[in-house]
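Working notes, structure below.
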Amino acid sequence: MTPLQRRQFAKLVAASFTTTVVADLSSKALAQKSEPSKEVLYGINLLKTSNSRNREDQTPPVELNTADLTVGKVISAELLDLKVLSKVNLPVLSVENLSPVPKKPRAFFLPDSDRVTKAIVLGDKTVVISTVSSTRNGYFSHLISAIGGATNRQFRAKKILGLEKSNQTVESLVSLPNNQILCLVGNEGIPPFAFKTLDYRTGKIISKDELALPPLPLTHRFANLCQDQKGNIFATEIGSENVPILITMNLQDKAIVTGKVKIKRLAPLTVEGRPLFNDVKDLGFSASGQLYALAADKNGKNNALFTVDVKTGKMGLVKSFVAEKFAFSL
């Protein structure tokens, strides 16, 4: 190689190295920009409504609170104090699917009432809130959807169809692929409970069990479905001891004998070394992988947010949190 050829070769190598470095830095910068730096914490509360509302075909109004949190950090009291919650009132909504559901007049009747049973966030960032309305003629479960960003959010509502009895209610939700939602269905909110799959697009319970969902003990109470980043599903179970136990399952992990999804019981929930005698009001995982619970505070008067150790069930107080349900979203 002549001196001229060597100089030309050196220039080509230097240019190639510079291009590679620039491309690498650009790809890293692009990756950093695409990764969200903030996580949204939603808090949901029920609002007062008129007794003349059609509780079968109209949803109760709810309050949707939002707060921005730093991704990857365990929430502390200081972090919650940094951001003021913004509030959006979702009005009474008429359902899109007006098909009738089972009804049966009740001999012993309490006044009409509503409650929020769960809030989840779908993959497209849609916030889905489940509610149950009680009337003289039965119970009606609904899905309220908040679609889009804060500046152009739209609200829609569906009535949950396909429940077999008038007293069956959808008590908790967790999102599944292919526009499906895993539900916990109870009877007026009490046992027996059963897992059901819901088609989110139609609001209808899918009659065929394609997931091999496990049967649940008839006298046990189940609640508070949530899911971690690996797809493991968690919930609480209360048996004869009346102490909530943290349970988990993975839809891919099935028993050899029955072919059904296996449920693993992890640990009873405790606060300050003492068993929790009332169930938590909600569970949810943040992007950091930390499990949180919403439960009554020490005085039993207000709700508070707690961290939960999934291995031991130990709960640690974070801060008072004025919400009935909560959910995280990136």
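The values are calculated or read from the model by the stated rules, or taken from the named source; none is laboratory data. None of these values were measured; they are calculated from a predicted model. We place every Cβ from the backbone using ideal geometry, glycine too, and count neighbours over all the protein chains shown.
How many residues does the range 153-181 contain that are small (G, A, S), in a loop (DSSP other than H, G, I, E, B) and modelled with pLDDT of 95 or more?
First, the residues of the range 153-181 that are small (G, A, S): 157, 162, 166, 172, 175.
With the extra rule that they be in a loop (DSSP other than H, G, I, E, B), the set shrinks to 162, 166.
If we keep only those that are modelled with pLDDT of 95 or more too, we end up with 162.
The total comes to 1.
Spot the failing condition for D68; the list is (1) at pLDDT below 90; (2) touching an Asp or Glu at 6+ places or on another chain (Cβ under 7 Å); (3) of a type outside the set (A, V, I, L, M, F, W, C), and only one is missed.
(2)
Any chance the range 173-190 includes a residue that's closer than 23 Å to R55 by Cβ, touching a Leu at 6+ places or on another chain (Cβ under 6 Å) and in contact (Cβ under 8 Å) with a residue 60 or more places away in the chain?
For the range 173-190, residues closer than 23 Å to R55 by Cβ, touching a Leu at 6+ places or on another chain (Cβ under 6 Å) and in contact (Cβ under 8 Å) with a residue 60 or more places away in the chain: present.
Among the listed residues A212, A223, A194, A235, which satisfies the condition of being over 17 Å from D253 (Cα atoms) and in contact (Cβ under 8 Å) with a residue 40 or more places away in the chain? Steps first, answer last, please.
Numbers: A212 fails: over 17 Å from D253 (Cα atoms); A194 fails: in contact (Cβ under 8 Å) with a residue 40 or more places away in the chain; A235 fails: over 17 Å from D253 (Cα atoms).
That would be A223, the only listed residue that is over 17 Å from D253 (Cα atoms) and in contact (Cβ under 8 Å) with a residue 40 or more places away in the chain.
Quick one: is A150 crowded, with 17+ Cβ neighbours inside 10 Å and either assigned to a strand (DSSP E or B) or touching a residue at least 60 places away in the same chain (Cβ under 8 Å) (or both)?
The answer is no for A150.
So in the range 250-302, with the set limited to residues that are touching a Leu at 6+ places or on another chain (Cβ under 7 Å) and modelled with pLDDT under 95, which one is nearest to V116 (Cα to Cα)?
Checking each candidate, the answer is L276.
Which number in (1) among the hydrophobic types (A, V, I, L, M, F, W, C); (2) touching a residue at least 40 places away in the same chain (Cβ under 8 Å); (3) buried (at least 16 other Cβ atoms within 10 Å of the Cβ) marks the one condition that A295 misses?
All conditions pass for A295, except number (2).
For the structure I just gave you, tell me whether S99 is touching a Ser or Thr at 6+ places or on another chain (Cβ under 8 Å), at pLDDT 90 or above and either among the small types (G, A, S) or farther than 17 Å from F155 by Cα (or both). Give the steps one after another, and end with the answer.
Numbers: touching a Ser or Thr at 6+ places or on another chain (Cβ under 8 Å): no; at pLDDT 90 or above: yes; either among the small types (G, A, S) or farther than 17 Å from F155 by Cα (or both): yes.
So S99 fails the test.
Which of the residues belonging to the range 305-330 are among the hydrophobic types (A, V, I, L, M, F, W, C) and either within 14 Å of L246 (Cα to Cα) or crowded, with 18+ Cβ neighbours inside 10 Å (or both)? Spell out how you get there, then give the answer.
Of the residues in the range 305-330, the ones among the hydrophobic types (A, V, I, L, M, F, W, C) are 305-306, 308, 310, 315, 317-318, 321-323, 326-328, 330.
Within the range 305-330, L305, F306, V308, V310, M315, V318, F321, A323, F326, A327, F328 qualify.
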